[in-house]
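Trainee: Next up is a structure, given as structure tokens.
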Amino acid sequence: MDDIEIPESHPRYESLLTRHRIEAGVEAGITSRQGLIAQGRGEAYDYLLGEETIPSADDAARAAAAHLLAADHAVLSVNGNVAALVPGEIVDLAAATGADIEVNLFNRTDERMRAIVEHLQDHGAEDVKGLTADGRIPGLDHERAKVDADGIGAADVVLVPLEDGDRAEALAEMGKTELVIDLNPLSRSAQAATVPIVDNIIRAVPNVTAHARELADASDAELAQIRDDFDAEAALEAAEDRIRSGGD
Ligand code: PTJ
């Protein structure tokens, strides 16, 4: 999945690169065809947000880093879009926070599960969970309910990027702290999150990693303060305002 040559000076560089990665993900059997549609939805919001990390999303990324560092057992959930867009960046975030990585798919097939696990391993992941699937999320009747009992099943903090709303709600009902990355502040997953990061995953994951590295030596009290200071409702409102006003 080599990236094509797009000059960085191109005004739509990031968007073209993203589209190419999703397209290549579909060709490699990693991303579902529905992933193309999901990308289109996300891109429309990104355009309205100004295709940059807005200040409230940066605050959310810092709060997410604090949650990941303070967790007993954090897991980063990876689907077909996440694997195509930010495979190496997810491995870096796992290394910076001590989190596990688990593949969890809406359109789950054994082939896609294995292709994604291998793709992540090619990007440096050592242990990728998701294939055992010996746990279930209560209240969900689709494939996303299948989790590893010692992975998402046992996690206290879960990062769920580009998720559909019902698993996000079910995880929240299980009492897990949910960190969501979604460009749509009105999506059910963003609304259910303890920490909604309204940003493109391409920018958000490296940003959470940068915050985690910066907070690596922070005390428990400092991490707790950052978590407590974050206001999810205010962050969602700030993102919606930005989308509606189309600027600052
Ligand atoms: O790989 P699978 O089988 O697990 O399927 C994954 C998709 C993403 C296809 C599946 O979960 C799905 O259909 O998702 P939805 O319901 O389309 O929701 C995807 C959400 O991700 C939407 O709210 C989009 O706004 C958001 N989104 C899309 N692209 C990005 C994004 N958020 C951040 N960064 C993006 N690049």
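The values are calculated or read from the model by the stated rules, or taken from the named source; none is laboratory data. Just so it is clear, the structure is predicted and the values come from calculations on it, not from any experiment. Here the Cβ is made from the backbone with ideal geometry for all residues, glycine too, and neighbour counts use every protein chain on show. When the accessible area is computed, the model is the full protein with side chains, heavy atoms only, and any ligands, DNA or RNA have been set aside. Shrake-Rupley method; radii C 1.70, N 1.55, O 1.52, S 1.80 Å.
Trainee: Name, by its number, the condition in (1) over 30 Å from PRO11 (Cβ atoms); (2) open to solvent by less than 70 Å² (accessible area, probe 1.4 Å); (3) part of a loop (DSSP other than H, G, I, E, B) that does not hold for ASP72.
Mentor: The single condition ASP72 does not satisfy is (2).
Trainee: On to the next question. How many residues are open to solvent by 10 Å² or more (accessible area, probe 1.4 Å) and in contact (Cβ under 8 Å) with a residue 60 or more places away in the chain when one looks only at region 100-117?
Mentor: 5
Trainee: Pairs, please: C-beta under 6 Å, at least 6 apart or cross-chain, first residue in contact (Cβ under 8 Å) with a residue 60 or more places away in the chain and in region 181-208, second within 11 Å of the ligand (Cβ to nearest atom) and among the charged types (D, E, K, R)?
Mentor: Note: pairs meeting the criteria are LEU183/ASP46; ASN200/ASP46.
Trainee: Still on this structure, please answer the following. Can you run down the residue pairs with Cβ atoms below 9 Å, 6 or more apart or on separate chains, where the first is in region 121-136 and more than 8 Å from ASP148 (Cβ to Cβ) and the partner is part of a strand (DSSP E or B) and not aliphatic (A, V, I, L, M)?
Mentor: ASP127/ASP100; VAL128/ASP100; VAL128/GLU102; ARG136/LYS146
Trainee: Could you list, in sequence order, the residues of region 75-107 that are away from the ligand (no atom under 16 Å from the Cβ) and touching a Ser or Thr at 6+ places or on another chain (Cβ under 6 Å)?
Mentor: The initial filter retains those residues of region 75-107 that are away from the ligand (no atom under 16 Å from the Cβ), namely 91-92, 94-100.
Within region 75-107, ASP92, ALA96 meet the criteria.
Trainee: Take region 18-62 and flag every residue that is within 10 Å of the ligand (Cβ to nearest atom) and in a loop (DSSP other than H, G, I, E, B).
Mentor: The answer is ILE30, THR31, SER32, ARG33.
Trainee: So SER15 fits all but one of (1) part of a helix (DSSP H, G or I); (2) within 10 Å of the ligand (Cβ to nearest atom); (3) within 18 Å of the chain's Cα centre (by Cα); (4) modelled with pLDDT of 95 or more; what number is the exception?
Mentor: (4)
Trainee: Every residue in region 163-186 that is at pLDDT 95 or above and within 7 Å of the ligand (Cβ to nearest atom), please.
Mentor: ILE181, ASP182, LEU183, ASN184, listed by residue number.
Trainee: Determine the pairs where a residue that is more than 24 Å from ALA133 (Cβ to Cβ) and touching a residue at least 12 places away in the same chain (Cβ under 8 Å), located within region 59-77, has a partner that is surrounded by fewer than 23 Cβ atoms within 10 Å (Cβ to Cβ) and among the basic types (Lys, Arg) with Cβ atoms under 8 Å apart, the partner being 6 or more residues away or on another chain.
Mentor: Note: pairs meeting the criteria are ALA63/ARG227; ALA66/ARG227; HIS67/ARG227; ALA70/ARG227.
Trainee: For LEU236, are the conditions met, namely being open to solvent by 70 Å² or more (accessible area, probe 1.4 Å) and within 16 Å of the ligand (Cβ to nearest atom)?
Mentor: It is false that LEU236 is open to solvent by 70 Å² or more (accessible area, probe 1.4 Å) and within 16 Å of the ligand (Cβ to nearest atom).
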